[in-house]
Amino acid sequence: PAGAVHQILGALLTHPSRRSSMFNRSSRGTARAALAALGLVMLTAAARPATASAQEIMSSVSAKHMESILSSMGLDFEKKSDTSWRVDLDGKKVLLIMANDNTDAQLYIGFGDTQVNAKQMNEWNADHRFGRAYADEDGNPVLESDLDFAGGVTDDIIKAWIKLYGAQVKSYIKFLSD
């Protein structure tokens, strides 16, 4: 049947003057079977549920919309300013900051009770993507991650970024304690 489907599709893409010779009496049964198979494939595809819902693509995100995203994730948060929130990610308080007219965002956590050196931060950064670790001016470890909305983001992209950052925070804490 797969070969017959290819034959039918090839025939449909063939110039009309050549089609009649391609469908002689001996191939009509094969053609019917191929059309039936093609119809079944199309019906199956049409009956399948959609794998993704259409979401608005945004190049900026309002503070109100960011709060609705955080709420939909079940996260506790406290508004710190018009464009920043303290968000609880698995018991750790991180700062979410939107900047540049709400066209990008940053997640930030710092640890004032720990000292790190450049070698440790280089080791972390060499082994991890989608965030950066550094020592602040007091030698305390910091972990940040940025998301630029300019190319377009959806709610699901923002949620995935926040979840990824939460996993990075856990991993970073483990790294700092080892």
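Using C-alpha positions alone, give me the convex hull volume of the stretch 73-178 per residue in cubic angstrom. It would help to have the intermediate numbers written out before the result.
Values: hull volume 12.4 nm³, N = 106.
Taking the convex hull of the Cα positions in the stretch 73-178, it is 117 Å³ per residue.
Quickly rank 58-64, 169-175 as a protection proxy: mean count of other C-beta atoms within 10 Å, highest first. Can you show the working numbers first?
Details: 58-64: 14.0, 169-175: 16.3.
My ranking of the peptides, most packed first, is 169-175, 58-64.
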query: Which whole-Hz couplings ³J(HN,Hα) result when phi for each residue of the stretch 68-73 is put into the Karplus expression 6.51 cos²θ - 1.76 cosθ + 1.60, θ = phi - 60°, listed in order with x for Gly and Pro?
result: 5, 5, 4, 4, 5, 7
message: I'd like to check one number: the per residue accessible area of the stretch 124-176, probe 1.4 Å, reported in Å² as a whole number.
response: 50
- request: Give me the distance between the Cα centres of the stretch 68-86 and the stretch 122-171, rounded to whole Å.
  value: 17
task: For the stretch 56-61, just list the computed ³J(HN,Hα) in residue order, Karplus coefficients 6.51, -1.76 and 1.60, θ = phi - 60°, integers in Hz, with x standing in for Gly and Pro.
output: 5, 9, 10, 10, 8, 10
task: With label points built 7 Å along Cα→Cβ from the Cα atoms of LYS159 and LEU95, find their separation and express it in nm.
output: 2.8
Spin-label model distance (nm) - ASP113 vs GLU56, 7 Å beyond Cα toward Cβ: 4.1
message: Please enumerate, by chain and number, the lysines with C-alpha under 25 Å from the C-alpha of LYS159, excluding those fewer than 8 residues away in the same chain.
response: LYS64, LYS79, LYS80, LYS92, LYS93, LYS170, LYS174
statement: Mean projected area (nm²) from the convex hull of Cα positions in the stretch 64-118 is 5.1
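The values are calculated or read from the model by the stated rules, or taken from the named source; none is laboratory data. Just so it is clear, the model here is predicted, and its values are computed rather than measured. Please note: Cβ atoms are built from the backbone with ideal geometry, for glycine as well, and neighbour counts cover all protein chains shown. These area figures cover heavy atoms from the full protein model, side chains too; ligands, DNA and RNA do not enter into them. Shrake-Rupley method; radii C 1.70, N 1.55, O 1.52, S 1.80 Å.
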